[in-house]
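Only one structure is covered here, and it is reproduced in the block below.
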Number of protein chains: 4
Amino acid sequence: MRPLLSELAGDAEIELLLGDSAQLAAMLRFEVALAEAEADAGLVSPVAAAAIAKSISSFEPDWDDLAAGMRRDGVIVPALVRQLRAALGEPHASALHLGATSQDVVDTALMLQLARVIPVLLERITALEAVLSGLVDRYGGRALMAHTRMQSALPFTVADKLRSWSDPLARHRSALSNLRPELLVVQLGGPVGDGSSFSGKREEVARGLAALLDLGLATPWHSTRDPIVMFGSRLAALTGSLGKIGADVALLAQTEVGAIALAEGGSSSAMPHKANPVRAELLVALSRHAAGLAGTLHHAVVHENERSGAAWTLEWLTLPPLVIVTGAALQHATGLLSGVTRMGDRA
Amino acid sequence: MRPLLSELAGDAEIELLLGDSAQLAAMLRFEVALAEAEADAGLVSPVAAAAIAKSISSFEPDWDDLAAGMRRDGVIVPALVRQLRAALGEPHASALHLGATSQDVVDTALMLQLARVIPVLLERITALEAVLSGLVDRYGGRALMAHTRMQSALPFTVADKLRSWSDPLARHRSALSNLRPELLVVQLGGPVGDGSSFSGKREEVARGLAALLDLGLATPWHSTRDPIVMFGSRLAALTGSLGKIGADVALLAQTEVGAIALAEGGSSSAMPHKANPVRAELLVALSRHAAGLAGTLHHAVVHENERSGAAWTLEWLTLPPLVIVTGAALQHATGLLSGVTRMGDRA
Amino acid sequence: MRPLLSELAGDAEIELLLGDSAQLAAMLRFEVALAEAEADAGLVSPVAAAAIAKSISSFEPDWDDLAAGMRRDGVIVPALVRQLRAALGEPHASALHLGATSQDVVDTALMLQLARVIPVLLERITALEAVLSGLVDRYGGRALMAHTRMQSALPFTVADKLRSWSDPLARHRSALSNLRPELLVVQLGGPVGDGSSFSGKREEVARGLAALLDLGLATPWHSTRDPIVMFGSRLAALTGSLGKIGADVALLAQTEVGAIALAEGGSSSAMPHKANPVRAELLVALSRHAAGLAGTLHHAVVHENERSGAAWTLEWLTLPPLVIVTGAALQHATGLLSGVTRMGDRA
Amino acid sequence: MRPLLSELAGDAEIELLLGDSAQLAAMLRFEVALAEAEADAGLVSPVAAAAIAKSISSFEPDWDDLAAGMRRDGVIVPALVRQLRAALGEPHASALHLGATSQDVVDTALMLQLARVIPVLLERITALEAVLSGLVDRYGGRALMAHTRMQSALPFTVADKLRSWSDPLARHRSALSNLRPELLVVQLGGPVGDGSSFSGKREEVARGLAALLDLGLATPWHSTRDPIVMFGSRLAALTGSLGKIGADVALLAQTEVGAIALAEGGSSSAMPHKANPVRAELLVALSRHAAGLAGTLHHAVVHENERSGAAWTLEWLTLPPLVIVTGAALQHATGLLSGVTRMGDRA
């Protein structure tokens, strides 16, 4: 059973895309593609690459052993590679994971996962924009009292308010659409990130790997994590923009203001007359959580030497929750605004 | 299956104490005790209180309905109370949850849960102190080069180093031991926190409730959350002190320094000669995550009006992860230091 | 001229207590008291201690040289000690700063400064409590609509609302009053914090120093910073409680709600009819800034080895601003609430 | 006298560009350009616009009155406009600031200030890249032990290490160079951001204003602050990348490692043999401070309604310090690396 709090802060679809099974699948894709790219580069034999692909196609992981490996090594790759080589057997075992290091696998797998997550986020932004557009159509021309510094200011229109909700979404959509060259790239550097474990063919292997995995090309980035952190900041900014919508809705929905009406309101255990703007407040909570996670993630840029277990693990602790919170916020924002039954000042 | 990352950042024991089942059990304890205290205060009949206790003793929740309630109401209590009243049936249904509001239940349940978590943390601190004490016995007199500003400074002893690890633990232990009067208190305020829903008997009912639940007494604190936030800060400070131990161990264990040896080291997928101080780095990562969560939690003190869905939900998003991270850090610190096989400068 | 933003976020009194001149004065107090305590312990001659006191009593710092020292050494103490020894001259120069390290001076000076700051904060809390008490007297019995989850809930009284503002203040006051044993203590450890530079008399010297400076006694705490960080968290929690007041006032003062009236309102450059609750919103801004600073300060607990320039400097970057923001918030809260001219629902 | 801490965390050049005088100058530029653009659009007479330009060219502000205005109104614009109109006199007084609101002035002024700050940052990045390039020339081919997870891993070269320092700088430089279309834009919305105060000519006036001020064009963005927040995140990521350099240098410079030698080292008040890598540690401290400020700044995206005094003020509390810290970090990074006298493993 999923935790009850997942109803508010979880996102089943994105949790799946970021979950252990998805990560493992992405890691296996990496190892198969690596062998194929290395075969193309003449580092392993085509027979070995084919054997690796075949073995991995029917690979069944020993999850307990992976968990034990995680605990012992701080990363599952050593245990996974041992399992994969055992399943593959000789004479091709050493051709698997050839020249690669744990971080090549984990980071590239993350990129494969994010390459699936980002379109989901983009679709949801588009869906939310459509809901906003519908609100413009239905209520855009109505009068609405604007508020500045928590005081009634001057009347404007519902369309003006809605523009302040949709303008940032266009920016976030554009930014997320343009992340590929900087963010969604292969990681291939070998043990210390200099590519020397690929017998002078890192570039060639990396190019092949990128093509096979439909990712961009990059110099090894084991210890340079700014693109990941800026991605996290973008997510927090997006969630913040949704938090602004939530704050506005909660203010407009106040009993004394009544400038928005919602189809559904949360009930109270003690006050049956109330209809709480639950999702509006939730958007504020999620945005503050996202802001905090993004701030913490920034500490991961201080990635000491060629691989920092401290900084890298800190990414794992903060980025996935940040992605999930963002996904949840998008869903709740769309749900909230889909339920608007009136907008504009009370007559 | 638990997520693989739980091997590093999870804590099975504490996750259980903070999980949905434990929360529900604590909520049921609250409702039973409330009815009993209200019976003692003459607000409900003893027969009703007995019926409530009996009904709840065999209550089986409909988890799907609770999840739906969470999503709709932002809190499970309205759905739970409906389920409980349905199970109880007439004529006593209205005697259940009498005068209480959702926040009374959720907050008091949290205190009951924390009342079980804190002793676990204290035991673990004590266990860690014992390990440190053992290290003093074994290695305390050995010479160790002290380092200031990342440079060799002057020699001191292993005991001096260990004192810098244990001194803060004593403070954290003392602080956590003394939280009860301020933190572990009943919440009982009714819908808007003024106690008026208890027919003039809030004090009496609260006193009875506190006695039955072995919690302290307090004025309603629906919107005044500083004790919770300071508890979170204490946890982050404790985790930070463990992060300091981790940072020190990682520095001492450097190949070039070699002033500590660890029984177990994480393996590398590409460099079999390495023995990585996985848990030492992990402690640093956990402490930075905890620092961020504690900072975010501080935003929850800005709790607008009599109940803020935004600020309250933000606590749920940050406090439990913070407790879990703290628990995990304590376990890893003890595990790490239990595996020390040598400490002091290389001869 | 002070920056214009200081009108909102600054605190002239506390800035002075934390400023360079105050720090220097505290450092000089340290050096005089250290010499005296060391004379009592037989480490330096009484003549030397008297000469040090006399020389320091007329010492005029070369600020440019201190600034250059700060830039070069990351701390002003080496330059300051050189200046002090030059002013003192032989034969007593080496008796000054005997056995001490930079951190002994800086940290003890900070404690001397905080020992003056905390009473200021306490006085301001008490003053704010008096204002709140006055509001209870004037408006406590009036009806006020309570709001939960941003919706009108049920009526309660102004006194109920005011209790939610004053309850946390009592806790913060109590906590700040009780900091001395853990926080306001001398720092005396010598170069690597083991006290070995005091020829076996660290305890004696530290006791004398503590008595002379009216500070508590402690083992050296160069690298164990949890009391400082918990002090910062307390300040953020206090500021957060003031932010809650600000948020409430801003909500109550809304044009549509009108449950509080303020003597003064900020004017708008474009809308002369408006009276903005400037200080109410400011309290929210200050509390969020304080929350962030407190979270960052937690990272300083991860203080590697015997002295971390990184972690220690991070304290300097975050703690003083946090204290100032807290002071400013207290002043603005008192100013804001002193200007309440009506409270309670509109008739 | 500047605070001593400014030697570490300050940046005189950028502080000047962000200071009150620079802000005032930018605000005056805004008012002159606004009048001119409004004259072009036929909203004010050319005579009035000329009179405004002339009056402002010799305007001497009453700073005390501006400070009082800041305290009263939370923003200096109402006081400033009064001063400007008094200096201008009739009959043109009402033509000044016509249709604009405080936020139009403050936000556009900020953009004018940032338009001068960003080139400074870019020049410094370029200068730092040149220093790194010089290090490649001098030491790039030397052997250096790579470290992963705080353990010696395998040898690579100094050039490989230096690439991990320079790769992110190229990304940050590119990103900062491309901010103009999204960030450096005029703010012109009038009291509630709908442009209605410009008699149907907001677009025309905004276009003219943008051309005159050499800024981009945008729809009003009073309450949509994501570009500012993403700018802050970029600064924190840049500072983080410098923090990574600092962390690496501090690790390489360890006595036991000795893979880098620095011309200058900070001295110790107690240990004359030490040469502390002061700036290396400082870079770490600055990066952690920047990470925290960026996280806090994200909360400002939750900007309620058409103008939030809380969220807007929070930007003022966090963005300028973040810019200054970034500037300081760039200077210190260049200073630190300019002083490298040897790099590579000890023979």
Task: Inter-chain shielding of A:18-28 (mean C-beta neighbours from other protein chains, 10 Å cut-off) - done: 1
TODO: With unit charges on the beta carbon (Lys/Arg positive, Asp/Glu negative), name the residue among A:ALA259, A:ILE324, A:VAL117 whose Cα is farthest towards the positive pole of the charge dipole of chain A.
DONE: A:ALA259
Task: Convex hull volume per residue for the stretch A:205-347, taking Cα atoms only, in Å³ - done: 144 Å³
TODO: Work out how far the C-alpha atoms of the protein assembly as shown reach from end to end along every principal axis, then list the three figures in whole Å, largest first.
DONE: 84, 76, 67
Open item on the list: With every protein chain left in place and a probe of 1.4 Å, what is the accessible surface of C:ARG171, to the nearest 10 Å²?
Closed with: 50 Å²
- [ ] For A:ASN178 paired with B:SER338, estimate the spin-label separation in nm (one decimal), with each label point 7 Å from Cα along the Cα-to-Cβ line.
- [x] 5.3 nm
Task: Distance histogram in 10 Å bins (all Cα pairs of the stretch A:168-277, percent per bin) - done: 12, 26, 19, 15, 12, 11, 5, 0
TODO: Check every DSSP H run in chain A and write down those whose alpha carbon atoms cover 24 angstrom or more along the long axis and whose mean Kyte-Doolittle hydropathy is -1.0 or greater.
DONE: A:20-40, A:102-139, A:158-177, A:226-252, A:278-298, A:309-338
Open item on the list: On a 1.4 Å probe surface of the protein chains, which of D:TRP63, A:TRP312 comes out largest in accessible area, and what is the full order?
Closed with: D:TRP63, A:TRP312
- [ ] Counting helices only, and only those DSSP H runs with n ≥ 4, report the 222 nm mean residue ellipticity of chain A as the sum of -39,500 (n - 2.57) divided by its residues, in deg cm²/dmol to the nearest 500.
- [x] -21000 deg cm²/dmol
Task: the stretch C:296-332 residues near the modelled C:ALA130 label - backbone nitrogen below 19 Å, point 7 Å along Cα→Cβ - done: C:327-332
TODO: Provide the descending list of Cα extents for the stretch B:36-132 along its principal axes, expressed in whole angstroms.
DONE: 60, 35, 23
Task: Simple spin-label estimate for C:SER58 and D:ARG116 in nanometres, 7 Å along Cα-Cβ - done: 4.7 nm
- [ ] Might you report the magnitude of the Cβ-based charge dipole of the stretch C:12-343 about its Cα centre, with Lys and Arg at +1 and Asp and Glu at -1, to the nearest 20 debye?
- [x] 1260 debye
Open item on the list: Under the rule of at least 5 residues apart or a separate chain, name every residue whose amide H is placed under 5 Å from the amide H of D:ARG342.
Closed with: D:ALA261
Task: Length-normalised contact order of the stretch D:70-178 in % [C-alpha pairs under 8 Å, at least 6 apart] - done: 19 percent
Task: Pseudo-label separations to other copies for B:GLY258 - Cα-to-Cβ vector, 7 Å, nm - done: 1.5, 8.1, 8.2
Open item on the list: Whole angstrom only: what separates the Cα centroid of the stretch D:318-347 from the Cα centroid of the stretch A:135-194?
Closed with: 35 Å
Task: For the stretch C:142-224, fraction of C-alpha pairs farther apart than 17 Å, in % - done: 65 percent
Task: Dipole magnitude (debye, nearest 20) for the protein assembly as shown, charges at Cβ of Lys, Arg, Asp, Glu - done: 0 debye
Open item on the list: To the nearest 20 Debye, how big is the dipole of the stretch A:261-347 about its Cα centre, given +1 on the beta carbon of each Lys and Arg and -1 on that of each Asp and Glu?
Closed with: 400 debye
Open item on the list: Could you work out how much longer the chain between C:ALA143 and C:GLU203 gets when fully extended? Use 0.36 nm per residue separation minus the Cα distance between them, nm to one decimal.
Closed with: 15.5 nm
Task: For the axis carrying chain B to chain A: nearest C-beta residue of B, whole Å - done: B:GLY292, 3
TODO: Taking every pair of Cα atoms in the stretch D:12-343, average 1/r, invert it to obtain the Kirkwood radius, and report Rg/Rh to two decimals.
DONE: 1.09
Open item on the list: How far, in nm to one decimal, is C:GLY216 from itself in the other copies if the label point is set 7 angstrom along Cα toward Cβ? Shortest first, please.
Closed with: 1.8, 5.4, 5.4
Open item on the list: Once ligands and nucleic acids are excluded and a 1.4 Å probe is used, how much of B:ARG307 is accessible, expressed in Å² to the nearest 10?
Closed with: 10 Å²
Task: Anchor D:LYS201: lysines whose Cα lies under 30 Å away (excluding residues fewer than 8 positions away in-chain) - done: A:LYS161, A:LYS244, C:LYS274, D:LYS54
Task: Compactness of the stretch B:5-69 as Cα Rg over 2.2 N^0.38 Å, two decimals - done: 1.50
- [ ] State, to one decimal in nm and shortest first, how far the label point of B:THR341 sits from each corresponding label point in the other identical copies (label point: 7 angstrom along Cα-to-Cβ).
- [x] 4.1, 7.1, 7.9
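The values are calculated or read from the model by the stated rules, or taken from the named source; none is laboratory data. For clarity, every value in this text was computed on a predicted model and none was experimentally measured. Here Cβ is always computed from backbone atoms with ideal geometry, including for glycine, and neighbour counts include all displayed protein chains. For the accessible areas, the whole protein counts, side chains as well, though only heavy atoms, and no ligand, DNA or RNA atoms are used. Shrake-Rupley method; radii C 1.70, N 1.55, O 1.52, S 1.80 Å.
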